[in-house]
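Q: Once you've had a glance at the structure underneath, I'll fire off some questions.
The values are calculated or read from the model by the stated rules, or taken from the named source; none is laboratory data. Everything numeric here is computed off the predicted structure, so don't read it as measured data. Please note: Cβ atoms are built from the backbone with ideal geometry, for glycine as well, and neighbour counts cover all protein chains shown. These area figures cover heavy atoms from the full protein model, side chains too; ligands, DNA and RNA do not enter into them. Shrake-Rupley method; radii C 1.70, N 1.55, O 1.52, S 1.80 Å.
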Amino acid sequence: MTNYNELTVPEATLIQKQLRDNIKVTPYNGPLNYIAGADISFNKFSTTVYAGIVVLEFPSLKPVGYSLVKKEVLFPYVPGFLAFREVPALMDAWTQLPVKPDILVVDGHGIAHPRRMGIATHFGVLTQQPTIGSAKKKLFGNYEEPGPEKGNYSPLTDRQGELLGYALRSKNKVKPIFVSPGHLVDVPGSLDILLRCIKGYRLPEPTRLAHNAVNQFRLNEISEGWTSLL
DNA sequence: GCGACAG
DNA sequence: ATCTTGTCGC
């Protein structure tokens, strides 16, 4: 894998344009026995990032294990280029997984991106794994505020009206989350799967548990490596 | 030029 | 993203 730390934004843009030819937004018809969530945590002003992937049994959503790694990152956070900052660390956590999940939910957008290359798509294309993007804020596209009830959603589209994903009310009276396909999953499919990951919190279980894990890791409450919970 | 802007 | 206490509403 190329070294993202030395890249300039124009160079990163070129990479996104090259990778976009490999994106596959297609129905996922494989099995779904395991789903995972990926997230990153770090201390403000630090170049050390704590990455983690938590694997859950599906549809019970019970965690079965987690992979945690620490890595130095120099690429800054630039809206639209999150992947260049977080993918390298996530890749290490991914490689360390003894068994890969059927679907991976990444904290960030999939194709709901100016060049259709959000972090979930970027990671999916590089690993050739089905991924879904789940973000807490919109990055790109237009949408109408979804209804107030849990489960209500509205389409997220580009200027040509093409469907990129959805704004989803994952819990009553909370701001919506944004769901979009990463790779090897289609738009409706990404919503169907994500809806089955909601457990009463705003964030879907895979993302929520991954977020908790990387924070515990950063605060030295749990250690690096692969840990089985079985 | 102005507004928007994942984590 | 992270830093932080109390506070308002369901």
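Q: If N is the number of residues in chain A, what value comes out of its Cα radius of gyration divided by 2.2 N^0.38 Å?
A: Numbers: Rg = 16.4 Å, N = 230, 2.2 N^0.38 = 17.4 Å.
In units of the 2.2 N^0.38 Å rule of thumb, it is 0.95.
Q: Compute the accessible area per residue over chain A, keeping the other protein chains in place, probe 1.4 Å, unit Å².
A: 46 Å²
Q: With r defined as the distance between the Cβ atoms of A:Glu221 and A:Asn3 and R0 fixed at 25 Å, what FRET efficiency is calculated, to the nearest 0.05?
A: 0.20
Q: So, one more: Before anything else, pin down the relative contact order of the stretch A:35-220: Cα pairs under 8 Å, at least 6 apart, normalised by residue count, whole percent.
A: The normalised contact order for the stretch A:35-220 reaches 22 percent.
Q: Within the set A:Lys138/A:Lys199; A:Lys17/A:Lys100; A:Lys24/A:Lys171; A:Lys17/A:Lys138; A:Lys71/A:Lys150, which residue pairs have Cα atoms separated by over 32 Å?
A: Flagged as over cut-off: A:Lys71/A:Lys150.
Q: Express the carbon and sulfur contribution to the solvent-accessible surface of the stretch A:182-222 as a percent, rounded to the nearest whole number, probe 1.4 angstrom.
A: Of the solvent-accessible surface of the stretch A:182-222, carbon and sulfur hold 48 percent.
Q: Where in chain A are the DSSP H helices whose C-alpha atoms run 20 Å or more along the long axis and whose mean Kyte hydropathy is at least 1.6?
A: Values: long enough: none.
Counting only whole DSSP H runs, no helix qualifies.
Q: Which residues in the stretch A:164-196 have a backbone N closer than 14 Å to a point placed 7 Å from the Cα of A:Asn152 along the Cα-to-Cβ line?
A: A:167-177
Q: Rounded, prolate or oblate, given the Cα gyration tensor of the stretch A:1-128, with a/c below 1.5 counting as rounded?
A: Values: a/c = 2.18, a/b = 1.26, b/c = 1.73.
Verdict is oblate for the stretch A:1-128.
Q: Take the alpha carbon gyration tensor of the stretch A:107-230, find the square roots of its eigenvalues, order them as a ≥ b ≥ c, and report rounded if a/c is under 1.5; if not, report prolate when a/b exceeds b/c, else oblate. Provide the component values of the computation, followed by the final result.
A: Values: a/c = 2.12, a/b = 1.39, b/c = 1.52.
It is oblate, given that a/c is not under 1.5 and a/b is not larger than b/c.
Q: Further question: So, in Å, what gap is there between the alpha-carbon centers of the stretch A:183-202 and the stretch A:53-108?
A: The two parts, judged by their Cα centres, are 17 Å apart.
Q: Here is a further query. Provide the packing ranking of A:177-187, A:119-129, i.e. peptides ordered by the mean count of other C-beta atoms within 10 Å per residue, highest first.
A: Output ranking for A:177-187, A:119-129: A:177-187, A:119-129.
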